[in-house]
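Inspection log for the structure reproduced underneath, given as C-alpha cells.
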Amino acid sequence: MAHEENTQDAAEAARRARFGALPERITPAEMVEEKPASAVDPARNNFNDDEWLVRMGAF
C-alpha cells in the first residue's frame, strides 16, 4: 500500500507540474491581425476624362 501511495503522489506531482497553473490570459486585441485585403493600386482612382471614348469605341 505504501508503494501505491508513493506512485499516486508522484502522479499527482506530475499533474500539478504540467497543469497546475492556467496559461497567461490573451486579450481580444491580441487575437486580431489587421492587414489590407489587397495591395493598393494607385492607378485605380485616377480619373480619365476620355475613358468613355475607349469604352464606347470612339465614333
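Per-residue answers, yes or no, for (1) surrounded by 10 or more Cβ atoms within 10 Å (Cβ to Cβ); (2) part of a helix (DSSP H, G or I); (3) at pLDDT 85 or above:
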site	(1), (2), (3)
Glu5	no, yes, no
Gln8	yes, yes, yes
Ala13	yes, yes, yes
Arg16	yes, yes, yes
Glu24	no, no, yes
Ala37	no, no, no
Asp41	no, no, no
Asn45	no, no, no
Trp52	no, yes, no
Kindly evaluate Ala29 against the criterion of being at pLDDT 80 or above and more than 27 Å from the chain's Cα centre (by Cα). no
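The values are calculated or read from the model by the stated rules, or taken from the named source; none is laboratory data. Just so we're clear, the structure is a prediction, and the values are computed from it rather than from any experiment. Cβ: placed from backbone, ideal geometry, glycine included. Neighbour counts: every protein chain shown.
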